[in-house]
Amino acid sequence: MSLRSRVFENPRLFRVVMSLYPPYLGAGIRVVHVSDNFGEVVVELRESKLTGNAFGTHFGGSLYSMTDPFYALMLVARLGPDYLVWDKAAQIDFVRPGTGTVTARFVLSDEQVEEVRAATLNGGKFEPVYRLDIRNASNKVVARVTKTLHIRKRA
């Protein structure tokens, strides 16, 4: 069994591998929690001299980067190898300057996963939209992210 397939079967290994992914490691991004069924992932971005911008706040690219692959990867883990899952589009709205440690919490309910299965049952594509907030230590919204995925069953 390849490392890739083991990562999508083992939440702890997924957390470690993603936290050590070089772009995340260098940007100060860490996966801090993955639920047993991949229904919830929590990601943090810590402030440091290496991760800030010219204004002393988090670099906007790092804020987006901390949200980039997770809905797609969670669905890969939950749906299995019979499905093709891609990020199709994304939007980020910056609400306030990000400072300190900021957190993004991704949640995929069982109902959302079943919606994907039902929508793709006959080979059609499904393009759900997921939204999440990046929040600071005071639980204030720093940025709002909208992700559109493209999902279909493999031929």
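The values are calculated or read from the model by the stated rules, or taken from the named source; none is laboratory data. Note that the structure is predicted; figures quoted are calculated from it, not measured. Neighbour counts are summed over all protein chains in view; Cβ atoms, including those assigned to glycine, are modelled from backbone coordinates with ideal geometry.
Structure summary
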item: Matching entry among F55, F14 (being touching a residue at least 60 places away in the same chain (Cβ under 8 Å) and at negative phi); result: F14
item: Every residue from the range 112-123 that is at pLDDT 95 or above and of a type outside the set (S, T, N, Q); result: V113, E114, E115, V116, R117, A118, A119
item: Residue, farthest from F38 (Cα to Cα), within the range 7-26, restricted to residues that are in contact with a strand residue (DSSP E or B) (Cβ under 9 Å, 6 or more places away or on another chain) and loosely packed, with under 12 Cβ neighbours inside 10 Å; result: P23
item: Failed item in (1) more than 16 Å from R105 (Cα to Cα); (2) without any contact (Cβ under 8 Å) to a residue 24 or more places away in the chain; (3) touching a Phe, Trp or Tyr at 6+ places or on another chain (Cβ under 9 Å), with A77 passing the rest; result: (2)
item: From the options T103, T51, T67, residue that is over 17 Å from E40 (Cβ atoms) and among the β-branched types (V, I, T); result: T51
item: Which listed residue, of T57, T103, is surrounded by 17 or more Cβ atoms within 10 Å (Cβ to Cβ) and in contact with an Asp or Glu (Cβ under 6 Å, 6 or more places away or on another chain); result: T103
item: Yes/no for R135 being under 25 Å from N37 (Cα atoms), of a type outside the set (A, V, I, L, M, F, W, C), surrounded by 13 or more Cβ atoms within 10 Å (Cβ to Cβ) and touching a strand residue (DSSP E or B) at 6+ places or on another chain (Cβ under 7 Å); result: yes
item: Looking only at the range 29-46, and only at residues there that are touching a His at 6+ places or on another chain (Cβ under 9 Å) and either buried (at least 17 other Cβ atoms within 10 Å of the Cβ) or of a type in the set (F, W, Y) (or both), the one that is modelled with the lowest pLDDT; result: L45
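Matching residues to (1) within 22 Å of V34 (Cα to Cα); (2) crowded, with 16+ Cβ neighbours inside 10 Å; (3) modelled with pLDDT of 95 or more:
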{"site": "M74", "(1), (2), (3)": "yes, yes, yes"}
{"site": "V85", "(1), (2), (3)": "yes, yes, yes"}
{"site": "A89", "(1), (2), (3)": "no, no, yes"}
{"site": "G98", "(1), (2), (3)": "no, yes, no"}
{"site": "D110", "(1), (2), (3)": "yes, no, yes"}
{"site": "V141", "(1), (2), (3)": "yes, no, yes"}
{"site": "H150", "(1), (2), (3)": "no, no, yes"}
